[in-house]
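The values are calculated or read from the model by the stated rules, or taken from the named source; none is laboratory data. Here the structure is a predicted model, which is why all the values come from computation and not from measurement. Neighbour counts run over all protein chains shown; Cβ positions are idealised from the backbone, glycine included. Remember, those area values only see protein heavy atoms, side chains included, never the ligands or the DNA or RNA. Shrake-Rupley method; radii C 1.70, N 1.55, O 1.52, S 1.80 Å.
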Amino acid sequence: MRTKQRLTEDIHRDRRAVLVVNTHSRRGRLLYEGAKARLERAGFDLLASYPVEKPRRLEETLVKARESGADLVVAGGGDGTISTAARMMAHRENALGLLPLGTTNNFARTVRVPLDLDEAIDTLVSGKVIDVDLGRAGDMLFTNHVGVGLSAAVMNAAPPPLKRLAGRWAYPLTGLMLLLRHRPMRVVVRAEGDEHEFRTHQLYVANGGFHAGRPITADADADDRLLVAYPVGGKGRFGLLRETARNAATGHRRTLVDDPFLAVGELWLEADRSAPVEVDGEPCGRTPMRIGLEANALRVMAPAGTIDR
């Protein structure tokens, strides 16, 4: 396998790439042709270019892209698309390039890829290949987070007609409706020989540094060999809303040593009842579940000054 430095040099010199864009989303559909034209103007030799209209075709398209001989597979879309691309590109020699076309773009923020499309393409032109950690929830790799409790219930319950009508607002609307009857869980996290118990409606385990487009803490990162487990609120329903707002407003000022964060390399998670689990916004089974890390599992193109551990 080529070193990251050698792969960076090959990308800069040969500019061999494949473009995969989720055009099922409105923004992806609008920006696909422009993104393709910008990459070609930047000097990239696009061996193939795929507008993916049907989400079920995304994985097989990404497999074709990674096997194409391109040094760089450029994925355009939101966090769900990027997370899928990361799983498909894990432990591969070629690198993943990011075109952040979503609402929150958590993984792009974590690896410091600019959210502006032209600047993101500049990163592909002049950046460098780094490697970052991926989480593993059961058998599923993830970039950003695992959610247990209300967030997973929302993913399972959001009605398709509401999603078509309200778009991304379908999820908070569904969450508010479910919260009125959602029972708090007793969640136990076992890690490094200790046991931590929380009474909460919602618990997250994060690999990256951002959630909902906001910093989790000032020092959370996807290249630090750590998962960050934390409840959002206690057993009261409105504590969840209050803590969600507090986390969004103060995350950039908090650190991993602050309560209630638990930073570990691996954990076992269980609840007092079988609770649904979502991974980067996709349903992924139920508790109990082992959640771990695969260090340096993904090669990704990041800005030239990015620190690579």
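Residues of region 45-70 that are among the hydrophobic types (A, V, I, L, M, F, W, C) and assigned to a loop (DSSP other than H, G, I, E, B): Ala70 alone. Can you confirm whether region 241-248 contains a residue that is open to solvent by less than 50 Å² (accessible area, probe 1.4 Å) and in contact with a Cys (Cβ under 7 Å, 6 or more places away or on another chain)? No: region 241-248 contains no residue that is open to solvent by less than 50 Å² (accessible area, probe 1.4 Å) and in contact with a Cys (Cβ under 7 Å, 6 or more places away or on another chain). Each residue in region 286-309 was checked for being over 18 Å from Arg2 (Cα atoms), in a loop (DSSP other than H, G, I, E, B) and open to solvent by 60 Å² or more (accessible area, probe 1.4 Å), and 4 of them qualify.
Checking each residue in region 251-309 for being closer than 15 Å to Ala206 by Cα, modelled with pLDDT of 95 or more and among the small types (Gly, Ala, Ser) picks out Ala263, Gly265, Gly292, Ala295. Residues in region 107-157 that are open to solvent by 10 Å² or more (accessible area, probe 1.4 Å), under 30 Å from Leu176 (Cα atoms) and in a loop (DSSP other than H, G, I, E, B): 2 in all.
Of all the residues in region 1-24, those that are outside any helix (DSSP H, G or I), closer than 15 Å to Asn94 by Cα and open to solvent by 80 Å² or more (accessible area, probe 1.4 Å) number 3. Residue count for region 55-85 under the criterion of being modelled with pLDDT of 95 or more, under 26 Å from Pro114 (Cβ atoms) and acidic (Asp, Glu): the result is 1.
Can you confirm whether region 25-36 contains a residue that is open to solvent by 10 Å² or more (accessible area, probe 1.4 Å), at pLDDT 95 or above and either assigned to a strand (DSSP E or B) or closer than 29 Å to Leu293 by Cβ (or both)? There is no residue in region 25-36 that is open to solvent by 10 Å² or more (accessible area, probe 1.4 Å), at pLDDT 95 or above and either assigned to a strand (DSSP E or B) or closer than 29 Å to Leu293 by Cβ (or both). Restricting Leu256, Leu262, Leu176 to those that are surrounded by fewer than 22 Cβ atoms within 10 Å (Cβ to Cβ) and in contact with a His (Cβ under 7 Å, 6 or more places away or on another chain) reduces the list to Leu262.
Scanning region 214-246 for residues that are assigned to a strand (DSSP E or B) and either touching a strand residue (DSSP E or B) at 6+ places or on another chain (Cβ under 7 Å) or charged (D, E, K, R) (or both) yields Arg214, Leu227, Val228, Ala229, Tyr230, Pro231. The set of residues in region 264-285 being touching a Ser or Thr at 6+ places or on another chain (Cβ under 9 Å) and outside any loop (DSSP other than H, G, I, E, B) consists of Leu269, Glu270, Ala271, Pro276, Val277, Glu278, Val279, Glu282. If the condition is being open to solvent by less than 30 Å² (accessible area, probe 1.4 Å), over 17 Å from the mean Cα position of the chain (by Cα) and either farther than 20 Å from Pro288 by Cα or polar (S, T, N, Q) (or both), then region 214-233 contributes only Gly233.
How many residues are within 21 Å of Arg38 (Cα to Cα) and either free of Cβ contacts under 8 Å to residues at least 40 places away in the same chain or open to solvent by 50 Å² or more (accessible area, probe 1.4 Å) (or both) if we restrict to region 69-102? The total comes to 1.
Test Asp224 against the criterion of being in contact (Cβ under 8 Å) with a residue 60 or more places away in the chain, closer than 30 Å to Arg6 by Cα and not basic (Lys, Arg), and give yes or no. Answer is yes for this residue.
Restricting attention to region 40-57, the residues being open to solvent by less than 20 Å² (accessible area, probe 1.4 Å) and either out of contact with any Leu (no Cβ under 8 Å at 6 or more places or on another chain) or closer than 22 Å to Gly80 by Cβ (or both) number 1. Taken together, Leu298, Leu269, Leu293 contain a single residue that is touching a Gly at 6+ places or on another chain (Cβ under 8 Å), of a type in the set (A, V, I, L, M, F, W, C) and in contact (Cβ under 8 Å) with a residue 60 or more places away in the chain, which is Leu293. Within region 197-213, the set of residues being in a strand (DSSP E or B) and surrounded by 17 or more Cβ atoms within 10 Å (Cβ to Cβ) comprises Phe198, Thr200, Gln202, Leu203, Tyr204, Val205, Ala206, Phe210, His211.
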